[in-house]
Amino acid sequence: MNCAAIPAELFESELFGHVKGAFSGASEDMRGIIREANGGTLFLDEIGELSTRCQSKLLRVLQDRTVRPVGATRAVSVDLRFVCATNRDLVSLVQRGGFREDLYSRIAELVVHLPNLEARVEDVPILVQHFLAKLQ
């Protein structure tokens, strides 16, 4: 899921789902991305783009392992792994108050820094061979 592509006002509905009639246009129940990923892994791309309001809602899911669909009266348990990516420096964002420190500590259990391809030109031939082999 591309976090930068979801408007903040749709974040809860997209991630947590909603019940029929929860808001204008909610003509049927929707499970939401997190419940769809239950039992598996959810990849959150561009997590550094989330608003602080959305960050707090995501933190609640990570802490409680539950989601409450918009308009629902009960939370639903979930069991999934989160993998996050960003091109932003989250440590600097945390220091400047642009990213929640408690959320960062939850998602940064294993951090992999991958330099861009320009800094790894020796990888280009290997990648070309790999993708050419896939095309054959």
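Data for the structure
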item: Leading residue by the ranking (farthest from Leu93 (Cα to Cα)) among those in region 38-57 that are surrounded by 17 or more Cβ atoms within 10 Å (Cβ to Cβ) and in contact with a strand residue (DSSP E or B) (Cβ under 8 Å, 6 or more places away or on another chain); result: Leu42
item: For Glu9: the one exception among (1) surrounded by 14 or more Cβ atoms within 10 Å (Cβ to Cβ); (2) in a helix (DSSP H, G or I); (3) out of contact with any helix residue (DSSP H, G or I) (no Cβ under 8 Å at 6 or more places or on another chain); result: (1)
item: Residues that are in a helix (DSSP H, G or I) and within 17 Å of Gly48 (Cβ to Cβ), drawn from region 97-131; result: Glu101, Asp102, Leu103, Tyr104, Ser105, Arg106, Ile107
item: Complete set of residues in region 60-88 that are touching a residue at least 40 places away in the same chain (Cβ under 8 Å) and part of a loop (DSSP other than H, G, I, E, B); result: Arg68, Pro69, Gly71, Ala72, Val78, Asp79, Leu80, Thr86, Asn87, Arg88
item: Residue that is farthest from the chain's Cα centre (by Cα) [pool: residues in region 88-128 that are surrounded by 10 or more Cβ atoms within 10 Å (Cβ to Cβ) and of a type in the set (S, T, N, Q)]; result: Gln95
item: Odd one out for Gly39, checked against (1) part of a loop (DSSP other than H, G, I, E, B); (2) modelled with pLDDT under 95; result: (2)
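The values are calculated or read from the model by the stated rules, or taken from the named source; none is laboratory data. All figures in this text were calculated on a predicted structure; none of them were measured in a lab. Backbone-built Cβ (ideal geometry, glycine too); neighbour counts: all protein chains shown.
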